[in-house]
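K.L.:
This is the structure I want to talk about, given as structure tokens.
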């Protein structure tokens, strides 16, 4: 009887760990799209409306995004275009930064976006230069969020009329079937994008309405274990 109790407890612990989501390892069946050494397979957009002053570097197997010189940052894009996929990323956010994961992005950064911002609505589904017919809010994020640590994001996007699902640390945040294709010219594929964009600005000329009291000049957003599984 004691053996059965131990086995039961082990199963409960395993399920609990799965529910929390595994951080620190690319899921089985996914193909890495970042080699951990350099930005081969990626490029910085020089046409995005948000700014052309990003600094993306690779440090200890991590993509580090900062704003240098200060002027609203920019966007790092995959060279390859994707249509239907599951995309996995682990993200570490400094406070007072505003970034995002871009889905089916064009070169100018028009895309569906998973918001990455602290404090703020991390995990929400937004649009960047497009307006999603149906957005979503990650209302359960705080239940699983690891403050000051790495957090995993898994997003599934499929279909010409997009169906999107997001999990943070293994917990489903939302599941959205868009009623129509919201992309420019009804595009059905695009790039994966990593945004580097701050809520606080260096000078009034860089934008308006942002409080300089929250400016963190060395704040960073970090990405690792970027991987994708293309779907039929």
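Every read-out reported here was derived from the displayed coordinates using simple, explicitly stated rules and does not represent laboratory data. Since the model is a prediction, treat every value here as computed from it, not as a measurement. Methodologically, a virtual Cβ is constructed for each residue, glycine included, from the backbone with ideal geometry; neighbour enumeration extends over all protein chains shown.
K.L.:
Arrange the peptides 142-148, 117-123, 54-60 so that the one whose residues have, on average, the most other Cβ atoms within 10 Å appears first.
P.N.:
117-123, 54-60, 142-148
K.L.:
Can you tell me the FRET efficiency between residue 134 and residue 35 if r is taken as the Cβ-Cβ distance and R0 is 45 Å, rounded to the nearest 0.05?
P.N.:
After rounding, the FRET efficiency stands at 0.80.
K.L.:
Along the Cα→Cβ direction, 7 angstrom out, place labels at residue 175 and residue 59. What is the inter-label distance in nm?
P.N.:
It is 4.0 nm.
K.L.:
Between residue 142 and residue 25, with labels modelled 7 Å along Cα→Cβ, what's the label distance in nm to one decimal, could you check?
P.N.:
3.2 nm
K.L.:
Suppose we keep just the alpha-carbon trace of the stretch 51-147; what are its Rg and Dmax in angstrom?
P.N.:
Here Rg and the maximum Cα pair distance are 13.9, 40 Å.
K.L.:
Can you give me the convex hull volume of the Cα atoms of the stretch 81-205, divided per residue and expressed in Å³?
P.N.:
For the stretch 81-205, the hull spanned by Cα atoms encloses 104 Å³ per residue.
K.L.:
How much length, in nm to one decimal, is gained on full extension between residue 92 and residue 126, taken as 0.36 nm per residue of separation minus their Cα-Cα distance?
P.N.:
Value of the extension gain: 10.3 nm.
K.L.:
If the chain between residue 149 and residue 218 were fully stretched, how many nm would it gain, using 0.36 nm times the residue separation less the Cα-Cα distance?
P.N.:
Gain in length upon complete extension: 23.1 nm.
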